[in-house]
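Engineer: This structure is in structure tokens; I'll ask about it shortly.
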Amino acid sequence: MGEWKQTSCVLCAQNCGLEVFVENNTIEKVRGDKKNPRSKGYVCNKGTNIAFHHHHSDRLTTPLKKTEQGFVPISWDQAISEISEKLKNIIGRHGPRSFAYMGGGGQGTHFEAGFGMSFLRGLGSRYNYNALAQELTGYFWVCGRMMGRQNRFAIPHEDGADMMLAIGWNGMQSHQVPRAPLVLREFAQNPDKLLVVIDPRKSETARIANIHLPVRPGADALLFRAMIALILEKGWEDREFLKTKVSGFDQVELWFRNFDIRAALEVCQLEYDAVENLCGQLATRKWCMHPDLGVWMNRHSTVTAYLMMLLSTICGRSGVRGGNVIPGTVVPLGSHSDERDPKTWRTVHTDFPAILGAFPPNVMPEEIMNDNPERLRAVITCASNPLRSFADTTEYEKAFARLDLLVTIELAMTETARMAHYVLPARSGLESWDSTFFQWNYPEIYFHLRRPVVEPEGERQECGEIFTRLAEGAGLVPEIPEYLKKAAQKDRFAFAAAFISYLKANPKAMKSLPFILARTLGAKFGSAHLAAAWGIIFAMPGPSWKNAVRAGYPIRPAFTVLFRPHHIARAIFYCIRYRSIVPLFALSPKIEQSERIFQELLDKPEGIWIGRLDPDRNQDELRTEDGRINMFIPELSDWVIGITPASEAAELAPDPEYPFILNAGRHTNRVANTLMRDPEWVRGKRACTLAMNPEDAASLSLADGDMARISTHAGSADIEVELTDDTRKGQVLIPHGFGLIHGGNTYGVNVNTLTKNIWRDKLAATPLHRYVPCRIERIS
């Protein structure tokens, strides 16, 4: 007999609530979960096909080891023992900088990151490479300077806005905010609102927009410098906001005075009147902006992020209702890692610093392929498929072939797994306790503790359990006292009292906290991840408690403890046993609040609003020394000033050998990175094509459905042509997430064979995927 179960999607950062009908341990039907407080029943094409992510023939069931005869199954004990020993030997000979962890949980399974990072740090390394570091780190770096910390980045508060500025973002296809198509249509169709799109092509979002500025590919930074100059020339800036909320404007203002606005817009291939009209709207409306990979993965990535933030601030739209605001978090997406701090690591060969605690995947091949004694020699990838997800597949293949140890923790036999020395089978986000820490809400803070809806098959393990075993094998887990294990078997109050005492007596144990929780409370729960969730709620920082109160979880007065005599008695018992008053802290009203929240998460599989910021005090979230938005970033001064009409005209001039511009990563509702490996989910659809303007195609004698060869400086590929008026002349697009090997066959074109890892932003090393010069040729 089948049963409907609540869960959430793991295929994009919105993690919409789902209900899945499970029969015989198989997902048979999927629908949106109307009880989910954030997605409210909304679900897209990817979510309804979630079964293809979980159920397919390439799912792993047992640990594998590569031998001369190919991969052979081995036991978990053998895998953990051999991997741990090899890691210890490599680090012992070459130092901790020789080891890197590539992971972080991807789109829907972030509990892995806590375990993976603890394992990495336990071995003395800080080299964490992840997908965010090839997309948004330039923006995070800018926010670090302007807002005070890299993890205090701003998001659009569309609920309080009457105009949405979508910049290089095709939200009708790629979402990026909850229920994105519904939100965008409301902006476009409401007579009191405006939807504005800045995008070279007429995307699905641009088609419904009230205003569309079809900027020339790669000219975004020049456009934003011109827009700021125009606003200042007209005197449209918010002087009161700049006077009371901002510092550094006087220095920044000089960059835009006497700037040739008309010449700049001519290079951008935009009409002056259209841009002037938009700037007038920006000066008078309550607007927020939503940039995306169209600019984050384009020329001048970091400085474009800076110019967009300056535009928002000059118009008084930073840190205010309906503007771009700093959201609340359950767990920050990363740590602040200021490169000016000598403790911040840099890469050995390419000399790039960590941003938000992560290193850019673009540089990893070079960090392996060099002769430095501390070069990378061992890599563990978890829920990450760099051979299809990151730039320059060819260089990655060469680099990974040189590694002394490559371990892949994965759901399926991916392209990266095929190169690994060991492949460890992980549970999917639908067969383990898990969650994500993406926060695209304001002022509410949402948290969904996703529970397993199908039973794991074979010997699959939670990623947290795998890292715990590896940590034990590497000697990173301290001896856990028996009293802590016994307390975990009783109830959560008993464990809290014992846990507080243990940490007080053993402060160094904090470094191994995820593993200790896994081996104590995790043993009771049957899940390392669920134990980690308890730890997260138990250890909420002070601001989170205040946010929880606003969300309806009050901190009850201390005298209410009198109504829990059994807890008082047990706390006193632990005080006597441990000869300490520390267990009394388990009676704290804040601990009691955390316990109520954790139980609420268990009781509500649709997720909860776990906190709420004060929407009128977003400025309080700043971490700058003066408590103001710091506009002036001296390191970017020359970069901004150097972006002129003349310099950009020269840089953007077409290359006769490669006259087209490839957008390497077209977003469609048939793209799910590399998470959907079974091509059956797009059967009968034109999922992987070369989108091209009909006039360009005619000049090359190409018709819809013909095969063409696309060539870049990196390589060539043969692909089917799809003609569409949506595509701008001179630009072509290929979706990402294809070239996957499934059932022995390769499906679609791997666009990363056409990109080079050295084509990257000079500060953050984000790849320039949206601006790749290319040549198109007709083939028979």
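The values are calculated or read from the model by the stated rules, or taken from the named source; none is laboratory data. Note that this is a predicted model, so its numbers are computed, not measured. Reconstructed Cβ throughout: ideal geometry from the backbone, glycine too, with neighbour counts over all protein chains shown. SASA here: full protein model, heavy atoms, side chains in, ligands and nucleic acids out. Shrake-Rupley method; radii C 1.70, N 1.55, O 1.52, S 1.80 Å.
Engineer: Using the alpha-carbon atoms, what tilt in degrees (0 to 90, nearest 10) does helix 463-473 show relative to the longest principal axis of the chain?
Structural biologist: In the chain, helix 463-473 runs at an angle near 60 degrees to the longest axis.
Engineer: Sticking with this one: In segment 1-56, with Lys and Arg counted as +1 and Asp and Glu as -1 at Cβ, which of these residues, F52, S39, G2, has the Cα nearest the positive end of the dipole, that is, farthest along it?
Structural biologist: S39
Engineer: Any chance you could list the semi-axes, whole Å, largest first, of the equivalent ellipsoid that the Cα gyration tensor gives for segment 223-369, using √(5λ)? Kindly include the intermediate steps, with their values, before the conclusion.
Structural biologist: Details: eigenvalues 210, 81, 44 Å².
Each semi-axis is the square root of five times an eigenvalue, giving 32, 20, 15 Å.
Engineer: How would you rank 369-382, 242-255, 764-777, highest first, on the average number of other Cβ atoms within 10 Å across their residues?
Structural biologist: Values: 369-382: 18.9, 242-255: 16.3, 764-777: 23.1.
Order by mean packing, descending: 764-777, 369-382, 242-255.
Engineer: Based on the mean of other beta carbon atoms within 10 Å per residue, what is the order of 719-731, 507-519, most packed first?
Structural biologist: 507-519, 719-731
Engineer: Pop out the carbon and sulfur fraction of the accessible area of the chain as a percent, whole number, probe 1.4 Å.
Structural biologist: With neighbouring chains kept in place, the figure for the chain is 49 percent.
Engineer: Oh, and also: For K590, what accessible area in Å² do you get when you roll a 1.4 Å probe over the heavy atoms of the protein chains, rounding to the nearest 10?
Structural biologist: Estimated to the nearest 10 Å², K590 gives 80 Å².
Engineer: Over every pair of different alpha-carbon atoms in segment 413-537, take the mean of 1/r and invert it; report that Kirkwood radius in Å.
Structural biologist: Across segment 413-537, the inverse of the average 1/r is 16.2 Å.
Engineer: Highest mean first, what order results for 639-647, 346-354, 264-272 on Cβ atoms within 10 Å?
Structural biologist: The densest-packed peptide leads the list: 264-272, 346-354, 639-647.
Engineer: As a check on your grasp of the helix formula, calculate [θ] at 222 nm for the chain: sum -39500 (n - 2.57) over DSSP H runs of n ≥ 4, divide by the residue count, round to the nearest 500. Each step should come with its number before you reach the end.
Structural biologist: On the way: 30 runs with 269 residues, N = 780.
Calculated mean residue ellipticity at 222 nm is -9500 deg cm²/dmol.
Engineer: May I pose another question? How much area per residue is accessible in segment 224-355 when the probe is 1.4 Å and only protein heavy atoms are counted (Å²)?
Structural biologist: Numbers: 4950 Å² over 132 residues.
Heavy-atom accessible area per residue stands at 37 Å².
Engineer: Shifting gears a bit: Hey, what's the Kirkwood Rh for segment 583-710 if you take every pair of different alpha carbons, in angstrom?
Structural biologist: Details: mean 1/r = 0.0436 Å⁻¹.
It works out to 22.9 Å.
Engineer: Given the C-alpha centroids of segment 124-182 and segment 287-351, what is the distance between them in whole angstrom?
Structural biologist: Centre-to-centre distance over Cα atoms comes out at 7 Å.
Engineer: Between the alpha-carbon centers of segment 399-462 and segment 487-535, tell me the distance in whole angstrom.
Structural biologist: 23
Engineer: Can you tell me the length gained on complete extension of the stretch D371 to M707, counting 0.36 nm per residue apart and subtracting the Cα distance?
Structural biologist: 116.7 nm
Engineer: F21 to Q599: FRET efficiency via 1/(1 + (r/R0)^6), r the Cβ-Cβ distance, R0 25 Å, to the nearest 0.05?
Structural biologist: The calculated FRET efficiency here is 0.40.
Engineer: In square angstrom, what is the accessible area per residue of segment 5-155 with a 1.4 angstrom probe?
Structural biologist: Heavy-atom accessible area per residue stands at 35 Å².
Engineer: Within segment 14-138, how many Lys pairs that are eight or more residues apart, or on different chains, come under 27 Å at the alpha-carbon?
Structural biologist: Close lysine pairs under the 27 Å cut-off: 8.
Engineer: Taking square-rooted eigenvalues a ≥ b ≥ c of the alpha carbon gyration tensor, is segment 1-52 rounded, prolate or oblate, where a/c under 1.5 means rounded and, failing that, a/b exceeding b/c means prolate?
Structural biologist: oblate
Engineer: Hey, another quick one. Two decimals is fine: what's Rg over Rh for segment 76-167, C-alpha atoms, Kirkwood radius as Rh?
Structural biologist: With Rh from the inverse mean 1/r over Cα pairs, Rg/Rh is 1.15.
Engineer: Could you check how many percent of all C-alpha pairs in the chain are farther apart than 43 Å?
Structural biologist: Cα-Cα pairs in the chain separated by more than 43 Å: 28 percent.
Engineer: Let me ask something additional. Apply the a/c threshold of 1.5 to the C-alpha gyration tensor of segment 324-414 and tell me whether it is rounded, prolate or oblate.
Structural biologist: Taking the square roots of the gyration eigenvalues as a ≥ b ≥ c, segment 324-414 is oblate.
Engineer: Just how far, in whole angstrom, is segment 682-752 from segment 65-91 if you go by their alpha carbon centroids?
Structural biologist: What the calculation gives is 40 Å, centre to centre.
Engineer: Okay, moving on. Please give the helix 220-234 orientation as an angle from the longest Cα principal axis of the chain, in degrees from 0 to 90, rounded to the nearest 10.
Structural biologist: 80
Engineer: Zone of D338 (label point 7 Å along Cα→Cβ, backbone N under 18 Å): which residues in segment 299-315?
Structural biologist: None, by backbone N distance to the label point.
Engineer: To continue, here is another question. Stretched out fully, how many nm does the piece from K762 to T48 gain, at 0.36 nm a residue minus the Cα gap?
Structural biologist: 253.1 nm
Engineer: Could you pull the accessible area for M419 with a 1.4 Å probe, rounded to 10 Å²?
Structural biologist: That residue has around 50 Å² of solvent-accessible surface.
Engineer: Name the shape class, rounded, prolate or oblate, that the alpha-carbon gyration tensor gives for segment 59-116, where a ≥ b ≥ c are the square roots of its eigenvalues, rounded holds for a/c under 1.5, and otherwise prolate holds if a/b is larger than b/c and oblate otherwise.
Structural biologist: Oblate is the answer for segment 59-116, as a/c is 1.5 or above yet b/c matches or exceeds a/b.
Engineer: If you don't mind, there's one more thing I want to ask. Given a cut-off of under 8 Å on Cα pairs at least six residues apart, what relative contact order in percent is computed for the chain?
Structural biologist: Details: 1644 pairs, mean separation 141.3, N = 780.
Rounded, it is 18 percent for the chain.
Engineer: In debye to the nearest 20, how big a dipole does the chain give about its Cα centre with +1 on each Lys and Arg Cβ and -1 on each Asp and Glu Cβ?
Structural biologist: Approximately 2660 debye in magnitude.
Engineer: For segment 664-723, calculate the relative contact order in percent as a whole number, restricting contacts to Cα pairs under 8 Å that are 6 or more residues apart.
Structural biologist: Once divided by the residue count of segment 664-723, the mean separation gives 31 percent.
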